[in-house]
Structures are given as structure tokens and as C-alpha cells.
Amino acid sequence: MDVERVFHMKAGNGEASYAQNSSLQKKSMESLKHILIKSAIDFYTSEAPQTLTIADLGCSCGPNTFAMVKRIIEGICKSCCEMSSTLPDFMVFLNDLPTNDFNSVFVGVPEFVEEMKDCSGASVFLAGVPGSFYGRLFPSCSLHFVCSLHSVHWLSQVPPGLLDQQGKSINKETMYITHRSPTAVVESYFNQFQRDFSLFLKSRSEELINGGRMALAMSSRKSIDCFDKNTTLLWDLLAQSFALLVSQDLVEQEKVESYNVPFYAPSPAEIEDEVEKEGSFSIDYIEPYEFSSSSGNAENDAAIITMAVRAIQESMITYHFGGGEIIEPLFQIYKGLLTEAIKKDEVKSTHLVVVLRKLP
Ligand code: SAH
């Protein structure tokens with residue numbers, strides 16, 4: 001499956017576009033933001049360039065698009081104010097796949113620029129950069145700070161190797177990894193992660209100046225155990241929802257069996273290994289964080305998580321199944337299963353925060 005084509009395809013009524021439904025992402029970003037902001041401030045206070053060049057990779061379109069960049073700029077302005085030093089200009093590049101709705105992002109730019117000027121006194125200049133972060137996006141040595149939130153766990157493609165020679169799925173029971181998946185499935189996912197993440201590091205190493213920082217937050221596993229329930233449960237529940245649709249003859253079993261997601265939640269050790277192999281970065285910080293849906297209202301939490309999963313999955317499912325008719329019943333079932341899982345306190349997720357420093 002060509003991820004680029006399906007990430008932003010508007011499905012059916014477009015109800016669950018990423019723009020409106022990113023509250024799950026927002027919740028976790030709130031808790032992680034201080035590490036990312038601190039790494040940007042650390043860089044600025046040590047290097048103090050006249051213009052600070054920031055790239056946000058996988059910015060999406062919607063309420064969260066400017067959120068991270070806003071906090072970074074505010075953090076740096078506050079620190080300049082405390083040190084009574086002049087503010088830098090900020091050059092911000094917002095990157096996502098070419099199919100992202102950049103028009104809706106650009107519409108919000110003048111207001112954002114004005115807000116930054118009014119609140120922090122900062123001069124902010126913005127540009128959109130459509131393209132895959134698995135490859136070069138910027139000129140050599142042109143960036144000071146790169147951040148990416150909830151994006152690098154998306155692979156460049158569904159790993160090859162999940163189909164047998166007859167083109168039939170070898171990963172029949174779920175769309176990711178489950179404890180019943182054949183070893184070949186686990187290996188295919190891991191190999192794709194290695195290829196993608198090493199290319200990601202290589203590309204950024206050419207684009208960042210020496211001493212530049214890169215702060216990433218992504219889905220992760222706490223340990224080397226690839227069947228970590230925190231990363232597999234949401235996919236397992238989706239597989240169960242599909243199975244119910246199959247039992248009602250609403251969708252073909254074979255189509256469900258061949259549906260796999262281009263996703264991989266690496267362990268901290270897997271990230272460390274790739275960073276070491278690539279050789280251009282040192283690790284300033286690496287820490288997994290666990291979140292649980294704990295508002296006390298299982299129905300509400302399930303609705304929020306369902307919207308977030310649907311926002312990303314809707315276009316992929318529509319593409320694979322050739323239409324969006326199953327989306328509504330599928331996610332109704334999903335929400336029900338999720339509510340029960342939340343009541344049993346089973347729904348947790350792990351996010352990894354990694355801060356890298358470009359070596360000279
Ligand atoms: N950073 C935002 C959005 C995260 S959703 C937030 O925290 O809310 C993940 C985003 O990553 C999507 O918009 C998706 O299009 C983008 N993405 C996935 N793979 C990508 C790639 N290879 N290159 C650039 N963007 C990608």
C-alpha cells in the first residue's frame with residue numbers, strides 16, 4: 001500500500017478528517033512538551049543564531065498543526081526575556097506528505113504570525129514543505145532544530161513480506177503484530193522500521209547543522225517484547241471489529257486478512273541501535289512514557305480514542321476496501337469494544353521521547 005496516497009484521502013463524508021479529531025494527540029503532547037521545548041531552548045541558549053530555523057515533520061492539518069511550534073517559540077522568547085537578550089527571527093518549516101491539506105494550514109498562517117508577534121514579540125516566517133520525511137527535504141546544514149510528534153511510527157509502506165507467493169496474507173489475524181503472528185511478520189515489520197528509520201536519520205543528519213537538535217515523540221514499546229499490549233491492543237480491537245463485520249457478511253474475510261497497517265512502535269533499544277549504527281547523532285535524552293485513558297468516563301475516553309484511530313485509519317481502510325461504507329459500523333463496534341477494555345483498565349499507550357544532537 002502506498003502510504004502517501006492514502007494518508008490524506010478524504011473518505012466518505014470526510015467526517016473523521018485528521019483536522020477535527022486530534023484530541024488524543026493533544027493529550028499526550030501536553031505531557032511531553034516540556035522535554036521538546038527544553039531541548040529547543042538548550043540549543044538556542046548555547047548557539048544563539050540570529051535566525052532560528054525549525055522544522056516540524058508530520059505537522060498534519062488541524063488544531064494541533066501550530067501547537068508545538070507555538071510552544072517552542074514562546075519558550076525561547078521567555079528565556080530571551082529572562083536573559084534580557086534580543087529575540088531571534090524564527091524560520092519555521094511545516095512538513096507533511098504532499099497529500100496533506102496544506103491549503104487549510106496556510107489559511108491559518110497570518111493569524112498565527114500575528115499572534116506570535118503580539119504575545120511574544122517574535123517575528124515568525126513560515127513555509128510548507130510537502131514530501132516524505134523518509135528522504136531529503138531541506139538543503140544541507142540548513143536546520144537548527146527538528147521536531148516530530150506522533151508521526152515517525154508511520155512507516156513509508158506496509159512491509160513487503162506480509163504476503164505469500166500466491167499473494168495471500170501471512171498475517172491473517174490482525175493488521176499489525178499480535179502474539180499469534182508468524183515470526184516472518186515480526187521480522188518484516190522490524191526490517192521495514194530499520195530501513196525507514198536509518199534513512200530518516202541519514203536525511204536529517206545532512207540537513208541539521210553540527211550541534212543541531214532533533215526531538216521526536218512517537219508510539220513505542222516499553223521493552224524489547226514486540227507483543228507489548230500497549231501497542232497491540234488498539235489494533236487487536238480493530239481486528240475484532242472487522243471479524244464482527246465479516247460474521248455479518250458486511251465485508252469479505254480475505255480482504256480483512258490482507259489489510260495491514262504501515263505502523264511500527266519501536267522499543268527504546270531499537271532506536272538506540274539505529275542511532276548508533278547511523279553514527280551522526282548522540283542521544284541527549286530517551287525515555288518511554290506511559291499514558292492511560294483515565295478521565296473516569298470510559299464512554300468519553302473510548303469516543304476520543306475511536307475518533308483519533310478513525311482519523312488516521314479511515315483513508316487507509318477506504319483505499320484498501322474500495323469504499324467507505326463499512327467505516328461507520330466498524331467504528332461503532334470499535335467504540336463499544338474499547339469502552340469495555342477501558343472499564344477493565346486495559347487501554348494504555350507508550351510514547352517514546354528522544355532528543356538527538358548532531359555530532360560534528
Ligand atoms: N504532529 C501532529 C500530527 C500527527 S499525525 C500531531 O502531533 O498532532 C501523523 C502525521 O504524520 C500525519 O499528518 C501524516 O500525514 C504524517 N506523516 C506520515 N508519514 C509521513 C512521512 N513519511 N512524511 C511526512 N509526513 C508523514
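The values are calculated or read from the model by the stated rules, or taken from the named source; none is laboratory data. Keep in mind the model is a prediction, meaning the values are calculated, not measured. Here the Cβ is made from the backbone with ideal geometry for all residues, glycine too, and neighbour counts use every protein chain on show. Heads up: the accessible areas ignore ligands, DNA and RNA and are worked out on the full protein's heavy atoms, side chains in. Shrake-Rupley method; radii C 1.70, N 1.55, O 1.52, S 1.80 Å.
Straight-distance candidates among the lysines for linking to K255, with alpha-carbon spacing under 17 Å and chain neighbours fewer than 8 residues away dropped: K168, K172.
Beta bridges from DSSP with both residues in region 62-201: antiparallel share about 10 percent, rounded to the nearest 5.
Bridgeable aspartates and glutamates around K78 (alpha carbons under 20 Å apart, same-chain partners fewer than 8 residues away excluded): E30, D42, E47, D89, E114, E115, D118.
The C-alpha atoms of the chain define a longest principal axis, and helix 67-82 lies at about 30 degrees to it.
Accessible area per residue for region 3-358, computed on protein heavy atoms with a 1.4 Å probe, is 42 Å². Only one residue of S258, T339, G128 has its Cα farthest out toward the positive end of the dipole of the chain, where Lys and Arg carry +1 and Asp and Glu -1 on Cβ, and that residue is G128.
Size descriptors for the chain: radius of gyration and Dmax over Cα atoms are 20.6, 68 Å. Filter K222/K348; K33/K229; K70/K222; K38/K222 down to the pairs with a C-alpha to C-alpha distance above 21 Å, please. Pairs exceeding 21 Å: K33/K229; K70/K222; K38/K222. One Cα centroid belongs to region 170-244, the other to region 84-102; the line between them spans 27 Å.
Per-atom-type breakdown for the chain gives carbon and sulfur 53% of the accessible area (1.4 Å probe, protein chains only). I'd like the orientation of helix 298-321 relative to the chain: the angle between its Cα long axis and the longest Cα principal axis, in ° from 0 to 90, rounded to 10. For helix 298-321, the angle is close to 80 degrees. Beta bridges from DSSP with both residues in region 3-358: antiparallel share about 45 percent, rounded to the nearest 5. Extending 7 Å from Cα along the Cβ direction at L87 and again at K344 yields two label points whose distance is 5.2 nm. Between the Cα long axis of helix 109-120 and the first principal axis of the chain there is an angle of about 50°, rounded to the nearest 10. Highest-first packing order for the peptide set 313-319, 168-174, 181-187 is 313-319, 168-174, 181-187, based on the mean count of other beta carbon atoms within 10 Å. Placing C80, C141 in order of accessible area, with the largest value first and a 1.4 Å probe, yields C141, C80.
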